[in-house]
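The structure under discussion appears below in the form of structure tokens.
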Amino acid sequence: MKTESVLEKVFASGELAVTSECGPPRGAVPEKIIEKAKMLKGYVDAVNVTDNQTAMVRMSSFAACVFIRQLGMSPILQMVTRDRNRLAMQADILGAYSHGIDNILCLSGDHPHFGDHPMAANVHDIDSVQFVQMIRDMRDKGKFQGGDDILNPPKMFIGAAANPFADPFELRVARLAKKIKAGTDFIQTQCIYNLDKFEKWMEGVRDRGLHEKVNIMAGITPMKTVGMAKYMKNRVPGMDVPDEIIKRMAGVPKEKQPEEGIKISVEAIERLKAVEGIKGFHVMAIEWEQKVPEIVERAGLLPRPTIDL
Amino acid sequence: MENFEPTIVAFCCHYCAYTAADMAGSKRLCYPPNVKIIKVPCSGKVDAIHIMKALEMGADGVYVAGCLEGDCHFKSGNIDAAKRVAYIKKLLDEIGIGGERVEMILMSAGMGERFAQTAADMTEKIRKLGPNPVKFAPKANNAA
Amino acid sequence: MITAERKPMEELIECLAPYHRILLVGCNECVTVCSAGGRKEVGILSSALQMAFMKEGKTLEVKEMTLERQCDPEYVEELVTHIDQAEAVMSMACGCGVQEIARRFKAKPVFPAVNTTFMGASERQGVWAERCQGCGECVLGLTGGVCPIARCSKQLLNGPCGGSTNGKCEVDSDMDCAWQLIWDRLKALGIEDQYEKNIAAKDWRTGRGGGPRKIIREDLVK
């Protein structure tokens with residue numbers, strides 16, 4: 001075991017892990033994040049907290065993670081390279097670890113162009129691959145990126161993202177290999193609708209034995225409406241929503257669409273359980289966190305193992 | 001403004017527009033004397049600075065007359081000229097002189113009527129716009 | 001070349017408002033190539049400024065000059081013959097040139113006529129695109145001749161990110177994804193295995209991060 005992380009323990013036990021995510025509020029309103037997290041308690045092993053997602057300013061992921069940790073839950077600190085240089089990142093990692101947060105997801109981050117501060121400087125002092133390597137060296141070598149020793153090095157369980165649906169497809173297995181080489185312990189994928197394409201990616205992953213070197217969690221996001229399905233298909237970069245999904249959502253009346261969306265998600269989980277190399281599920285129900293318990297239950301992923309924090 | 005006689009400078013290409021002007025002449029078609037013709041080998045020869053200088057020196061309106069699309073003797077001089085005219089129009093709007101004072105017009109060598117009509121239309125349009133505002137300044141001593 | 005674009009006329013007219021006689025200086029190199037500040041552009045701007053002033057019942061005398069370059073003191077020195085007659089100087093060169101004029105003629109106000117943008121190349125006539133950000137440690141040999149610092153919106157050294165779509169960047173569907181270009185080049189060169197070599201975190205000291213930079217060639221210094 002590299003860390004004390006609950007998530008690492010679940011993977012090590014051989015059980016499928018379950019995580020979900022919460023977006024912090026657009027203001028100093030801790031009640032909002034606490035409320036969202038409470039809905040998930042007992043249904044997930046760990047909770048991601050997004051970091052200025054879509055480049056819109058929100059309460060910092062670090063602060064929100066502290067609130068979640070105080071509820072006795074295990075947070076996953078999402079950190080983007082867009083907003084901080086390596087000094088600030090290492091400082092935040094030391095701070096987070098000192099608050100009992102020991103999971104981190106390393107991301108580049110959406111470009112400021114999408115958010116509420118398109119005029120901001122894009123930091124990207126390091127990229128997500130270098131970020132993974134930096135944390136691994138902090139943990140395993142006990143050294144800062146600059147080379148000095150760290151007092152009580154943070155034992156972080158390191159995650160990264162993978163998007164089998166972004167272009168170019170032929171590079172997506174190689175990119176995973178790069179992240180694994182840098183030291184990634186677990187992967188959360190972009191949400192999956194095109195199961196065929198995903199399975200094709202997993203084939204490539206297995207061909208190189210990468211599924212044994214990292215814990216891959218399949219991303220699942222339930223559709224609420226056909227409008228949401230169309231939006232994700234047409235307006236979100238790196239998202240692959242097949243026409244059959246749109247048809248299914250459009251084929252039921254509006255009041256029945258949320259239920260159809262959940263059904264599609266549960267079916268996807270059932271199919272993906274059978275895919276060799278899938279070690280867990282990351283259920284992202286943006287602004288619909290209350291449905292996560294139902295999805296987890298219907299997908300047969302309960303009860304969650306009780307592991308002390 | 002009463003009794004305002006606009007001065008219009010017309011850059012006319014040798015192959016089409018100038019020949020059309022000749023045609024108007026031989027057909028005894030009248031067009032306003034306000035239009036001063038400058039013959040150029042091709043409308044594409046007219047550069048941004050020529051249009052600017054014409055206005056700077058007091059012309060109230062300027063147009064560049066070239067061949068119809070596809071007929072330019074030098075292949076695409078008329079297209080280049082049209083792009084330059086569009087660029088100058090924007091610049092003139094930016095400085096408050098007004099892009100409407102400049103136009104790009106296409107015609108063929110045989111279009112004597114069109115030449116005369118264009119000259120008349122442009123004169124009237126500029127008459128309505130009024131004199132070029134640069135004419136109200138004291139004369140500046142410009143070294144080029 | 002260094003590329004630039006003329007500032008909006010409103011801004012230029014406003015900053016020259018207090019003056020009656022200016023020296024308008026163009027540059028025969030980069031800004032000529034990108035049609036922003038060469039001799040032609042000096043002529044057009046001079047005419048536009050004068051007309052803008054005349055319209056307001058004022059006059060502006062403009063002495064037009066175009067130097068070979070403005071980033072070498074020997075050429076800037078040529079302004080000496082005309083500088084005293086001018087109340088102010090407006091330079092159409094890139095920021096380097098404007099600063100050299102300001103440095104040489106300490107008592108003369110100097111204004112930029114263009115916004116200097118990037119180091120780039122011509123894609124075709126009338127289109128210039130960013131190619132280099134002067135990071136001071138060129139990795140083009142590792143990336144098939146495509147720069148990830150200048151041409152990736154997130155300056156990733158181990159890209160692409162998850163937003164690359166059909167070879168275009170998530171920021172703009174007209175913007176090429178640099179990592180798609182890099183991958184295509186690595187494939188064309190038959191060196192795909194180069195892709196999986198992780199490139200280490202950049203030392204920004206060779207770039208802007210270390211403060212304003214200087215090169216001193218001892219063998220050339222007099």
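Values for this structure:
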| item | result |
| --- | --- |
| Per-residue [θ]222 nm for chain A (sum of -39500 (n - 2.57) over DSSP H runs n ≥ 4, rounded to 500) | -12000 deg cm²/dmol |
| Label point distance in nm, residue C:194-residue A:149, each placed 7 Å from Cα along Cα→Cβ | 4.1 |
| Helical mean residue ellipticity (222 nm; -39500 (n - 2.57) per DSSP H run of 4+; nearest 500) of chain B | -12500 deg cm²/dmol |
| Per-residue average of Cβ from other chains inside 10 Å of A:181-191 | 1 |
| Global form of segment C:2-118, assessed from the alpha-carbon gyration tensor, a/c cut-off 1.5 | oblate |
| For segment B:8-129: relative contact order, % (alpha-carbon pairs under 8 angstrom, 6 or more apart) | 38 |
| Per-pair calculated FRET efficiency, R0 = 45 Å: residue A:54 and residue C:214 via Cβ, rounded to 0.05 | 0.65 |
| Peptides ranked, highest mean first, by Cβ atoms within 10 Å: ranges A:191-198, A:112-119 | A:191-198, A:112-119 |
| Shielding of C:50-63 by partner chains, average beta-carbon count, 10 Å | 6 |
| Top of B:112, B:66, B:58 by mean-square fluctuation, Gaussian network on chain B, Cα under 10 Å | B:58 |
| At 1.567 mPa s and 4 °C, Stokes D of segment A:150-309 from Kirkwood alpha-carbon radius, µm² per second | 77 |
| Prolate/oblate/rounded label for segment A:149-223 (Cα gyration tensor, a/c 1.5) | prolate |
| Gap separating the Cα centres of segment A:96-115 and segment C:181-222, nearest whole Å | 27 |
| For chain B: rounded, prolate or oblate by the Cα gyration tensor [a/c cutoff 1.5] | oblate |
| All lysines inside 30 Å of residue C:214 as judged from Cα atoms, apart from same-chain residues fewer than 8 positions distant | C:7, C:106, C:108, C:154, C:202, C:222 |
| Test item: C:9-17 mean partner chain Cβ contacts at 10 Å | 2 |
| Spatial extent of the protein assembly as shown: Rg and Dmax, with the Cα atoms as the point set, Å | 33.1, 104 |
| Alpha-carbon centroid distance for the pair segment A:254-309 / segment B:42-80, whole angstrom | 68 |
| Segment C:2-118, relative contact order in percent, only Cα pairs under 8 angstrom and at least six apart counted | 36 |
| Whichever aspartates and glutamates have a C-alpha closer than 17 Å to that of residue B:27, once near sequence neighbours (fewer than 8 apart) are set aside | B:113 |
| Cβ-derived FRET efficiency at R0 30 Å, residue C:14 paired with residue C:82, nearest 0.05 | 0.80 |
| Out-of-range pairs (alpha-carbon distance over 26 Å; input B:45/B:128; B:36/C:58; A:9/A:213) | B:45/B:128; B:36/C:58 |
| Residue exposure sequence - B:47, A:45 - by fewest surrounding Cβ within 10 Å | B:47, A:45 |
| Structure-based [θ]222 nm, chain C - -39500 (n - 2.57) summed over DSSP H runs of at least 4, per residue, nearest 500 | -7500 deg cm²/dmol |
| Between segment C:23-61 and segment B:121-136, the alpha-carbon center distance in angstrom | 24 |
| Proximal lysines to residue C:187, defined as alpha-carbon separation beneath 22 angstrom and excluding residues fewer than eight positions away on the same chain | A:178, A:179, A:181, A:200, C:168, C:197 |
| Most mobile of A:151, A:210, A:272 in a GNM of chain A (Cα contacts under 10 Å) | A:151 |
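Read the figures in this text as sums done on the coordinates, not as results from a lab. No experiment lies behind these values; they were computed from the predicted model shown. As a convention, Cβ positions derive from the backbone with ideal geometry for all residues, glycine included, and neighbour counts pool all protein chains shown.
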